[in-house]
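As structure tokens, the structure follows; a few thoughts come after it.
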Amino acid sequence: MSELQQPIHLSKLLTEGMQTYVMKALQIIQLSYQDTIRNWLNGRTVQSFVSLFLIGTFLSIAVVSCSGSSSASKNDVKLKLVSFSVTKAAHDQIIPKFVQKWKQEHNQNVTFEQSYGGSGAQAAAVIAGSQEADIVHLALPLDVKKIALAGLIKSGWETKAPRNGIVSKSVAAIVTREGNPKGINTWADLAKDGVKVIAANPKTSGIAIWEFLAFWGSVSLTGGNEATALDYVTKVYKNTPILTKDAREASNLFFQKNQGDVLINYENEVILAGENGTKLPYVVPQVNISIDNPVAVVDKNVDKHGTREIAQAFVDFLYSTEAQREFAKLQYRPVNPTVSQEVASQHPPIKTLFTSQDLGGWDIIQKKFFGDGAIFDKVQAASKA
């Protein structure tokens, strides 16, 4: 479902039905009341008392039912959205549109509590319970998978939304200093002596995992073997003096504090920085990885909060043409086909675009590259030696 559909306002129907019912009941009460008064005047006091009591009780229940039904349709609701750092600008535009649409269709006010940070750290906080997210929009499916393995999201979450749960896309970009004094044009150039690379930490950041996979795949998927890939990646991380906690911190370090010769970041983040006045030359490598950002409802939390319906509605809205255009304005590569065609000319085509599946899928990726003592830990130890 790509658009919010016009709902049936059950509460409204119930309210209108109850009002009709009460009006008819009041007509009966009026007749009963007249009979009761006559009974009272004729001395049949016990029968009169019982009749008045029953009439009062019925009327009280009817009034409470009407008022309760009416107020239930107007209760405010709060959603907790936990996302990765660079999506804030997009959600700042999308959320008000959803809130307005929901208000018009449901006569209900929605507020959002939002949290942004490194994707890995955000996933860990949701698992620990310090972030009781109703919805997660994270940098990579692996982080959602970890939340699912912790029992907070039902298996098969990726089938509950279009595009296998992927709601936004990007690719990796290489940013250099003005004039590109170090001659950085390809992934291979990152391993040159004397090059300082600004990158994030795969233990806390989604972009960092995508970066690592882009480095590895640029060798292993273009004719190189794993030994060659390992040697190349080790040299790159020797050229990386600092690993930041997330993509936004890496951008700030490079753009605002003028550190490093080259920055690896999301294409959309790099373009957005340029539009905001910090424009520097960059290249989108022709061998690149499809950076796929998933969204999911956190089943355990929405059931606890009673927010499943509206949380799912927001997830569905993210795939709508209206929301996808907001992602596109911020230079994400949209997943909605209509919007993808609208902005196709804004993004350079990628000659060799590989995916996580080309590297074995997330189960293998996690175990092979990012588990304790796996390839990244060995690379980091070697880079510090």
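The values are calculated or read from the model by the stated rules, or taken from the named source; none is laboratory data. Here the structure is a predicted model, which means the values were calculated and not measured. Neighbour counts are summed over all protein chains in view; Cβ atoms, including those assigned to glycine, are modelled from backbone coordinates with ideal geometry. The accessibility values were calculated without ligands, DNA or RNA, using every heavy atom of the protein model including side chains. Shrake-Rupley method; radii C 1.70, N 1.55, O 1.52, S 1.80 Å.
Potential lengthening of the chain between residue 78 and residue 280 amounts to 68.7 nm, from the contour at 0.36 nm per residue minus the alpha-carbon distance. Each Lys or Arg adds one and each Asp or Glu takes one away; over the other residues whose Cβ falls under 13 Å from the Cβ of residue 156, this sums to +1.
If I compute solvent accessible area with a 1.4 Å probe over the protein chains, what percent of it on the stretch 192-241 is carbon and sulfur? Looking at the stretch 192-241 in its full context, I get 50 percent from C and S.
Percent antiparallel among DSSP beta bridges with both residues in the stretch 156-298, to the nearest 5? So the antiparallel bridges amount to about 75 percent of the total. In the stretch 169-287, one over the average inverse separation of all distinct C-alpha pairs is 14.2 Å, which is the Kirkwood hydrodynamic radius. Within the shell of other residues whose beta carbon sits under 14 angstrom from the beta carbon of residue 294, the net charge comes to +2, with Lys and Arg scored +1 and Asp and Glu -1.
As a size descriptor, the averaged projected area of the C-alpha convex hull of the stretch 78-222 was calculated at 11.6 nm².
Couplings 3J(HN,Hα) for the stretch 90-106, derived from phi with the Karplus relation 6.51 cos²θ - 1.76 cosθ + 1.60 (θ = phi - 60°), are 5, 5, 4, 8, 7, 4, x, 5, 5, 4, 5, 5, 5, 4, 5, 8, 10 Hz, where x marks Gly and Pro. A probe of 1.4 angstrom, applied to the heavy atoms of all protein chains, finds residue 176 with accessible area near 10 square angstrom.
Sorted on the mean count of surrounding Cβ atoms within 10 Å across their residues, most packed first, peptides 148-154, 283-289 read 283-289, 148-154. Straight-line cross-link partners of residue 146 among the lysines, defined as a Cα under 24 Å from its Cα and at least 8 positions apart when in the same chain: 80, 88, 154, 160, 169, 203, 245, 300, 304, 367, 368, 378. Compute the distance in nm between two label points, each set 7 Å from the Cα along the Cα-to-Cβ direction, one at residue 257 and one at residue 366. In this crude label model, residue 257 to residue 366 measures out at 3.1 nm.
Ordered from longest to shortest, the equivalent ellipsoid semi-axes for the stretch 87-131 are 27, 13, 6 Å, each the square root of 5 times a Cα gyration tensor eigenvalue. 3J(HN,Hα) couplings calculated from phi for the stretch 174-191 with the Karplus curve 6.51 cos²θ - 1.76 cosθ + 1.60 (θ = phi - 60°) are, in sequence order, 10, 9, 10, 6, 3, x, 6, x, 8, x, 8, 10, 9, 4, 4, 5, 5, 8 Hz; Gly and Pro show x. Summing +1 for each Lys or Arg and -1 for each Asp or Glu among the other residues whose beta-carbon sits under 10 angstrom from that of residue 198 gives 0.
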